[in-house]
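Student: Structure incoming, see below.
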Amino acid sequence: MGRYYSGDIEGKFWFALQSSDCADRFGKTGQTPSYIEYYFEAEDLVEVEEEIQRIETTLGEFKEKIDKFFEVNNGWNDQMLADNGISRYLLSEYADLYLGYKIRDAIKENGSCQFTAEW
């Protein structure tokens, strides 16, 4: 069983890596109880892009390494990560980065991005 988000962007949170409120790091605080509601507007784009840049900087060369890992693997476990020199922390950052890309792209395309995340 996984936790999903849906709205202007859709996806599934990475099991055991992403919290349901990970989009908070891009500048908006989600609303609870059982679902977190997010609404990003055009004026939020700068903060979203700044957080994307911070994550890309944190990942550094590991972004390309993780990209290549997933070109040949459709899943992961702790041993696979260890064998490839990828920490769970970096994989979590990587997962958040791709959520950030989705938020950014939706804002650019639609002028806003709204989605609901399962809590």
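Bear in mind these aren't lab numbers, they're just calculated from the coordinates by the rules spelled out. Here the structure is a predicted model, which is why all the values come from computation and not from measurement. Cβ coordinates were reconstructed from backbone atoms using ideal geometry, including for glycine residues, and neighbour counts include every protein chain displayed.
Student: Can you give me the distance in nm between label points at Ser34 and Phe70, each placed 7 Å from the Cα along the Cα-to-Cβ direction?
Tutor: 2.9 nm
Student: I would also like to ask the following. Just how large is the dipole of the chain about the Cα centre, in debye to the nearest 20, putting +1 at every Lys and Arg Cβ and -1 at every Asp and Glu Cβ?
Tutor: On the way: 12 positive and 24 negative charges, 75 e Å.
Around 360 debye, computed over the chain.
Student: Here is a follow-up. So what's the angle, to the nearest 10 degrees on a 0 to 90 scale, between helix 88-110 and the longest Cα principal axis of the chain?
Tutor: 40 degrees
Student: Here is a follow-up. Please compute the Kirkwood hydrodynamic radius of the range 7-64 from all pairs of different C-alpha atoms, in Å with one decimal. Kindly include the intermediate steps, with their values, before the conclusion.
Tutor: Values: mean 1/r = 0.0771 Å⁻¹.
With all distinct Cα pairs of the range 7-64 included, I get 13.0 Å.
Student: How large is log10 of I(q)/I(0) for the chain at q = 0.21 Å⁻¹ when the intensity is taken from the Debye formula with one equal scatterer per alpha-carbon?
Tutor: Ignoring solvent entirely, the Cα scatterers give -1.19.
Student: Among 95-105, 44-54, how do they line up from the highest to the lowest mean number of other beta-carbon atoms within 10 Å?
Tutor: In descending order of packing, they fall as 95-105, 44-54.
Student: Right, another one. Which whole-number percent gives the relative contact order of the chain, counting Cα pairs below 8 Å spaced six or more residues apart? Write down the numbers at each step before the final one.
Tutor: Values: 159 pairs, mean separation 56.7, N = 119.
Here the relative contact order equals 48 percent.
Student: Based on Cα positions only, what radius of gyration and what Dmax would you give for the range 74-119, in angstroms?
Tutor: In order Rg, Dmax, the Cα atoms of the range 74-119 give 14.5, 42 Å.
Student: Go through 82-88, 23-29, 12-18 and give me the packing order, highest mean Cβ count within 10 Å leading.
Tutor: 23-29, 12-18, 82-88
Student: Quick one: length gained pulling Thr58 to Ser87 fully straight, 0.36 nm per residue minus the C-alpha distance? Let's see the in-between values first.
Tutor: Values: separation 29, 0.36 × 29 = 10.44 nm, distance 1.25 nm.
Extra length available between Thr58 and Ser87 comes to 9.2 nm.
Student: For every helix of n ≥ 4 consecutive DSSP H residues, a contribution of -39,500 (n - 2.57) applies; sum these over the chain, divide by its total residues, and give [θ] at 222 nm rounded to the nearest 500 deg cm²/dmol.
Tutor: Working: 4 runs with 55 residues, N = 119.
Mean residue ellipticity at 222 nm (helix-derived): -15000 deg cm²/dmol.
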